1. Assuming a ≥ b ≥ c are the square roots of the Cα gyration tensor eigenvalues, decide whether the range 20-121 counts as rounded (a/c under 1.5), prolate (otherwise, with a/b larger than b/c) or oblate.
2. Note down the net charge around residue 44, summing +1 for each Lys or Arg and -1 for each Asp or Glu among other residues with Cβ under 15 Å from its Cβ.
3. What is the sum of charges around residue 150, taking Lys and Arg as +1, Asp and Glu as -1, for the other residues whose C-beta is under 15 Å from the C-beta of residue 150?
4. For residue 125 and residue 145, calculate 0.36 nm times their separation in residues minus their Cα-Cα distance, and state this gained length in nm to one decimal.
5. For residue 162, which sequence-distant residues (separation of 5 or more, or a different chain) have an amide H within less than 5 Å of its own amide H, given hydrogens modelled in the peptide plane?
6. Output ³J(HN,Hα) for the range 142-151: one whole-Hz value per residue in order, computed from phi by the Karplus curve 6.51 cos²θ - 1.76 cosθ + 1.60 with θ = phi - 60°, and x for Gly and Pro.
7. Please state the shape class of the range 77-157: rounded when a/c is under 1.5, otherwise prolate if a/b exceeds b/c and oblate if not, all from the C-alpha gyration tensor.
8. Report the full-extension gain for the segment residue 43 to residue 178: residue separation times 0.36 nm, less the Cα-Cα distance, to one decimal in nm.
Amino acid sequence: MGPPGAGKGTQAATLAQRIQGAHVSTGDIFRANVQQQTELGRTAQRYMDAGEYVPDEVTNAMVQDRLAQDDARESFILDGYPRTLEQVSTLDRILADLGSELDHVLVLTVDHEELIARLLKRAETSGRADDTEDVIRHRQEVYIAETAPLLPVYRERGLLREVDGMGTVDEVEARIDAALGL
Ligand code: B4P
């Protein structure tokens, strides 16, 4: 977990390789569907372009399908999910049905100015419609309103590992490994 620009996608991709687990990124799955012009992609694009969350029922159904696939049977990293309290409840049900559970909930903390700077830098090359300055600022607000309230829930469950996301990609990677005991 972490606000847009915290390094979730960057870190989740390499962490998935280190633990040999599936990398399940809701953002990546939505973007692939937008590219392939599927019905899911058409729905998701409207929300993503505006910096809003895709509705819970759409996101939850997609994650349920993804976690049922073979490569997620042993281990997986959820990147960008859950993002709402409703998604937390649904994930609890999905994992209970699979006989699985979360080992850790990792949150990357990064200064607000650094988040904006990283996303504006990405905007130079990403071509992502949600990487414009207004939408970037709106996405930060949505994170504070919708996703920050999940942190106390996972802290209460004893799962939350807060990791300093400032510094280089390698420095953050080393802190993640230390926090997870890898
Ligand atoms: P995401 O794809 O999750 O996008 P994001 O929040 O911007 O994170 P991302 O992983 O891309 O960025 P990162 O911090 O790694 O979501 C996109 C949209 O999809 C959402 O706004 C929403 O509409 C929808 N969505 C996704 N999940 C959803 C859900 N569960 N429910 C509803 N809707 C959902 O990296 C940012 C930049 O920083 C990169 O350019 C990277 O290279 C750079 N960077 C990373 N680490 C760095 C470091 N240490 N130093 C310098 N730069 C760094």
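Every number here is computed from the coordinates shown, using simple stated rules; none is lab data. None of the values given here were measured: they were computed from a predicted structure. In this analysis, Cβ positions are derived from the backbone assuming ideal geometry, glycine residues included, and neighbour counts consider all displayed protein chains.
1. Working: a/c = 1.74, a/b = 1.22, b/c = 1.42.
Cα axes put the range 20-121 in the oblate bin.
2. Working: positive: 31, 42, 46, 66, 83, 128, 139; negative: 28, 39, 49, 52, 56, 57, 65, 130.
Net of charged neighbours comes to -1.
3. Values: positive: 8, 83, 155, 157, 161; negative: 56, 79, 86, 92, 146, 156, 162.
With Lys, Arg at +1 and Asp, Glu at -1, the neighbours total -2.
4. Working: separation 20, 0.36 × 20 = 7.20 nm, distance 2.84 nm.
Length difference between fully extended and current span is 4.4 nm.
5. Amide H neighbours of residue 162, under 5 Å, 5+ apart: 107.
6. Once rounded to whole Hz, the list reads 4, 4, 5, 6, 9, 9, 3, x, 6, 4.
7. Values: a/c = 2.43, a/b = 2.06, b/c = 1.18.
Taking the square roots of the gyration eigenvalues as a ≥ b ≥ c, the range 77-157 is prolate.
8. On the way: separation 135, 0.36 × 135 = 48.60 nm, distance 3.91 nm.
Extra length from residue 43 to residue 178 when fully extended: 44.7 nm.
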